[in-house]
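Report on the structure given below.
Read-outs throughout are calculated quantities, based only on the coordinates presented, and are distinct from any laboratory measurement. Because the structure is a prediction, the values reported are computed rather than measured. All Cβ positions, glycine included, derive from the backbone under ideal geometry; neighbour counts span all protein chains shown.
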Amino acid sequence: MKMVVCVKQVPGTHDAKIDPETKRIVREGIKAVMNPFDTYAVEEAVKIKEKSGGEVIVMTMGPPRAETVLREAISVGADAGILLSGRAFGGSDTWATSYALAKAIEKIGGVDLVLCGKQAIDGDTAQVGPGIAAQLGWAQATYVMEIPESNNGVITTRRMHEDGWDLCEITLPAVLTVVKDINQPRVPTLKGRLAAQKLDIPVWSPEDIGADEELIGLNGSPTRVVKTNPPPPRGAETLVLNGSPSESAGTLVRELRRRGLL
Amino acid sequence: MQHHIENRIYHVEVLPPKQDSEKLEADLERFTNKFNRVMDSGYCCCITDNAMGNLAFQGTEMIEELELEPKPGLVMIHLNTFHTKDDLDRILESCKEMKIEQLLVISGDGSDRLPKLTPADVGATDVESVTSVELLRYIRREYPGVFELGVAFNPYEPEEHEFAKMERKIDAGASFIITQPVIDNHPVVDKLLEKYPDIPVAVEAWMSKNIGLLSEAVGYEVAEDPESFNPVETLKNLHRNYPRCGVYLSLLGFKKQYDRITGLWEQVQSEEVAS
């Protein structure tokens with residue numbers, strides 16, 4: 001099966017700042033990481049490849065530095081990466097981004113399955129996955145928590161929703177967005193990390209993917225951001241204590257002491 | 001471990017590069033230099049396992065990928081409970097193949113990105129989660145006679161609880177103990193030595209000048225005057241106060257401190273004998 005995983009580089013911080021002029025997140029000077037939900041999509045694609053064979057291509061759209069998330073995905077088992085980059089992509093909203101990613105998927109050719117995280121933690125829209133499916137005219141399943149079966153051009157998915165889950169059979173090609181319950185992403189090995197550093201990552205421009213310049217960047221973005229606010233700071237912190245009851249109690253005492261509460 | 005104490009072999013902690021290192025090549029080179037230096041000194045290189053829950057590369061894969069040459073009996077791998085079963089077995093097999101016999105088995109610090117062993121993974125039926133005790137039992141059962149298994153002792157934890165935990169660890173097969181950092185001496189460590197006179201113990205020496213970090217970690221002001229904290233003097237005091245213990249050096253400075261500790265153990269012992 002030929003799979004494409006779309007990933008995004010997001011700020012690795014809970015303290016994001018908003019540019020008052022552009023209404024966009026200030027990304028300069030902030031360590032960027034792979035969108036956490038995308039790590040589950042990468043892991044699931046690699047698991048499918050390990051079980052049934054195939055190829056996993058990871059793709060992102062962004063500035064040159066976004067290449068690091070592609071290498072991260074390659075270090076845990078993806079076979080190749082593609083970076084969509086160019087000035088004309090700048091300012092794309094979720095619809096224009098979906099269009100660009102869909103054009104690149106068409107250019108790759110022969111893709112059976114596209115996987116995305118359920119949403120990115122910076123924009124929280126959950127629109128790009130479904131947007132790609134709409135642009136390509138493919139079937140889609142969102143909030144996928146399990147893929148029990150995949151054969152003969154049909155994939156079975158268990159979708160999470162408020163009241164439980166539903167089981168869907170989807171004819172390929174299709175787009176899936178996944179939730180974190182689907183797997184436990186593996187940690188890269190040193191061997192994988194070193195191999196990923198050596199791999200060439202092609203950079204595709206709007207021309208390379210045959211994108212209509214009127215449909216990407218600000219031109220192709222129907223969304224106008226009127227106002228943006230960072231989320232309120234977290235008022236509470238959850239600490240999970242592992243171990244036996246007596247060990248957890250010991251850890252709790254130490255933690256309370258460390259915070260000057262005992 | 002007893003052999004290390006008798007031959008005054010320091011345990012030198014070396015941290016592998018973090019997973020998110022942005023200068024991996026340089027970090028790998030630094031790790032290689034530290035490892036080789038410890039080997040050349042005839043000390044024991046102790047490689048941590050995702051210390052403080054920070055994702056880092058595994059000790060065994062570092063040795064394999066960097067083609068390092070562990071000297072027999074001079075490498076100790078830390079092993080905690082935050083692994084998949086496959087990873088755990090892979091690490092243990094690698095240690096066996098490379099003839100790395102000493103493992104420090106700890107519960108460890110988790111993180112969102114780290115998997116956790118389940119009781120079923122290690123064949124434990126009577127617990128809800130895996131601790132160092134279940135991991136010790138598993139290794140002892142699956143690799144009888146292959147490894148020498150050590151455990152950690154924390155004198156800053158509630159005493160009764162820590163001793164009860166130690167009892168379970170010893171029952172599960174622990175044959176040596178490494179303490180949390182001790183500044184000069186600690187009455188609870190004295191009790192530990194009294195209670196387990198036949199088990200080799202290494203006391204940990206905090207070699208960073210930043211003693212505040214340790215205070216923060218354990219929840220006590222461990223030094224009366226943090227500004228004047230002198231790690232090398234403290235190390236000497238540990239040798240004087242715990243002459244039958246080994247010493248585990250954490251956060252040792254390889255640029256300036258390393259040369260100062262070479263031969264220090266022998267020197268302090270000679271001074272003690274002379275006085």
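What to note about this one:
- In terms of packing, defined here as the mean over residues of other Cβ atoms within 10 angstrom, the peptides B:93-106, B:251-264 line up highest first as B:93-106, B:251-264.
- Average partner coverage of A:177-188, which counts Cβ from other chains inside 10 Å: 3
- Listed residue (B:V189, B:S215, A:A195) projecting farthest to the positive dipole end of the protein assembly as shown, Cβ model: A:A195
- Cα shape, the range A:2-230, gyration tensor, a/c 1.5 rule: rounded
- Note on the range A:72-141: Cα Rg divided by 2.2 N^0.38 Å, N the number of residues, gives 1.14.
- Choice from A:P36, A:P233, A:P64 with maximal GNM fluctuation in chain A (Cα, 10 Å cutoff): A:P233
- Test item: Cα-centred dipole of the protein assembly as shown, Lys/Arg +1 and Asp/Glu -1 on Cβ, debye: 620 debye
- More than 29 angstrom apart: percent of Cα pairs within the protein assembly as shown: 59 percent
- Taking N as its residue count, the alpha carbon Rg of the range B:2-274 over 2.2 N^0.38 Å: 0.97
- Taking A:M61, A:M34, A:M160 as the candidate residues, the one with maximal mean-square fluctuation in a Gaussian network model of chain A, Cα springs under 10 Å, is A:M160.
- Taking label positions 7 Å along the Cα-Cβ direction at both B:V188 and B:D20, the computed distance is 3.1 nm, reported to one decimal.
- Furthest towards positive pole of dipole, B:F82, A:P148, A:P185, structure part the protein assembly as shown, Cβ charges: A:P185
- The mean sequence separation of alpha-carbon pairs under 8 Å and at least six residues apart, normalised by the residue count of chain A, gives a relative contact order of 24 percent.
- DSSP-defined beta bridges in the range A:113-187 - what % are antiparallel, rounded to 5: 60 percent
- Simple Cβ-charge dipole of the range A:2-230, Lys/Arg +1 and Asp/Glu -1, about Cα centre, in debye nearest 20: 620 debye
- Distant-in-sequence amide H partners of A:S150 (H built 1.01 Å from N, under 5 Å): A:T156
- The HN-Hα couplings worked out from phi for the range A:222-229 by the Karplus form 6.51 cos²θ - 1.76 cosθ + 1.60 (θ = phi - 60°) are x, 6, 10, 7, 8, 8, 9, 10 Hz, whole numbers, x standing for Gly and Pro.
- Within the same chain, lysines fewer than 8 places from A:K47 are excluded, and of the rest, those with a Cα less than 17 Å from its Cα are A:K2, A:K180, B:K85.
- Cross-link partners of B:K195 among lysines, defined as those whose alpha carbon lies under 17 angstrom from its own and excluding same-chain residues fewer than eight positions apart: B:K165, B:K169.
- Highest mean first, the peptides B:125-131, A:142-148, B:107-113, B:269-275 sorted by other C-beta atoms within 10 Å per residue fall in the order A:142-148, B:107-113, B:125-131, B:269-275.
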